[in-house]
Amino acid sequence: MVRRVDDLKSALVLSSAFAMAAAAAVPLLLPSLPPEARSLPLPPPVFCTVLAVQLVVVYGLLGFVGLRLARTRGFEPAPCLTAIWNPQSNRWGWRRAGAAFAIGNGCGALLVAAVAAIERFLPGTLPGMLHPPGVAASLLASVAGSFGEEILFRLFALSLLLRLLPKGRVGMTVAIGASAFAFAAAHAPALVFLFGGWQEVPRMSWVWLIALNGMLGVVFGVVYLRDGIVCAVLAHLGTDLVWHTASQLLRA
């Protein structure tokens, strides 16, 4: 039985990684925003510090609840971190981490190919800006997104759905699908922002939004249930590094 204090430690490790990456990304992402959105309510160092503290607390709580919910369904949601606090558990292998990262690389390559095909055959149905500006911003945004979105949509939301739905293959399938759809829908505000308003978004863009992000959400959900949240983060990170960072380097 994993102690609550150990799950709290795991949740704080995950949320701290997210908070540091997100706070570090803010100064790099601000120049890409419209002029009216670049002003911060506090000096940048203070704003980033306050943001980091808030993210540690909020996502730490979400992560802790997700870890405890997952255990009620009888699976180990964080074998890597649990092995740190409880070495006798011996339930972690680095091969799992490498496999998850490789799966993410494959998803990133498929995403690059899919977007290239869409831009060639259905131009105008994707926004003009698809990546954070610059390699450094892409790296930090990829790390922040991988930790933050996996804590929210896999560790918390998927674990919650599994707790609410009946046990069995059907319940698990519905939970993975629902969390993947929520993950995809959460990208809608960014799409609206990039097109400049709801009415400016082409109808096919909603199809790409749900289909592409939903597919990734399913993959990350399966990885989470099989190998835990750290592997889900690595799969997400592997995807974003290929999609956001490597694709920019190849185009440069």
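The values are calculated or read from the model by the stated rules, or taken from the named source; none is laboratory data. None of the values given here were measured: they were computed from a predicted structure. Positions of Cβ are backbone-derived with ideal geometry, glycine not excepted, and every protein chain shown enters the neighbour counts. In case anyone asks, the SASA skips ligands and DNA or RNA and just uses the protein heavy atoms, side chains included. Shrake-Rupley method; radii C 1.70, N 1.55, O 1.52, S 1.80 Å.
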Show me, bin by bin at 10 Å from 0, the whole-percent P(r) of segment 13-93 based on Cα pairs.
16, 33, 25, 16, 9, 0
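Given a 1.4 angstrom probe, what's the average accessible area per residue across the chain, in square angstrom?
Details: 12700 Å² over 252 residues.
Value returned for the chain: 50 Å² of accessible area per residue.
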What percentages make up the Cα-Cα pair-distance distribution of segment 124-246 when the bins are 5 Å wide from 0?
2, 12, 19, 21, 19, 14, 8, 4, 1, 0
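Can you pull a Stokes-Einstein diffusion coefficient for the chain at 4 °C (1.567 mPa s), Rh from Kirkwood over Cα pairs, as a whole number of µm²/s?
68
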Restricted to Cα positions, what overall size does segment 129-174 have along the principal axes? Three whole-Å values, descending.
45, 17, 12
Between HIS187 and ALA109, what's the calculated FRET efficiency when r is the beta-carbon distance and R0 is 22 Å? Round to 0.05.
0.65
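Only helical DSSP H runs with n ≥ 4 go in: add -39500 (n - 2.57) per run for the chain, normalise by residue count and round the 222 nm mean residue ellipticity to 500 deg cm²/dmol. Show your work: numbers first, answer last.
Numbers: 11 runs with 178 residues, N = 252.
So the helix-based figure for the chain works out to -23500 deg cm²/dmol.
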Under a point spin-label approximation (7 Å from Cα along Cα-to-Cβ), what is the GLN54-ALA116 distance to one decimal in nm?
4.0
Sequence gap at least 6, Cα distance under 8 Å: using those rules, report the relative contact order of segment 1-143 to the nearest whole percent.
34
In debye, nearest 20, what is the charge dipole magnitude of segment 20-142 about its Cα centre with +1 on Lys and Arg Cβ and -1 on Asp and Glu Cβ, if you could check?
500
In the chain, what percent of the accessible surface is made up of carbon and sulfur (1.4 Å probe, ligands and nucleic acids excluded)?
71
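So which trypsin sites (Lys or Arg not before Pro) in segment 117-193 pass both tests, a DSSP loop state and at most 13 other Cβ atoms within 10 Å of the Cβ? Each step should come with its number before you reach the end.
Details: sites: ARG120, ARG154, ARG163, LYS167, ARG169; in loops: LYS167.
For trypsin sites (Lys or Arg not before Pro) across segment 117-193 that sit outside H, G, I, E and B with at most 13 neighbouring Cβ atoms in 10 Å, the list reads LYS167.
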Would you give the gap between the C-alpha center of segment 147-214 and the C-alpha center of segment 49-99, rounded to a whole Å?
21
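Note down the net charge around GLY171, summing +1 for each Lys or Arg and -1 for each Asp or Glu among other residues with Cβ under 11 Å from its Cβ.
On the way: positive: ARG73, ARG163, LYS167, ARG169; negative: none.
Around GLY171, the charge tally is +4.
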Student exercise, the chain dipole from Lys, Arg, Asp, Glu Cβ charges, in Debye to nearest 20
820
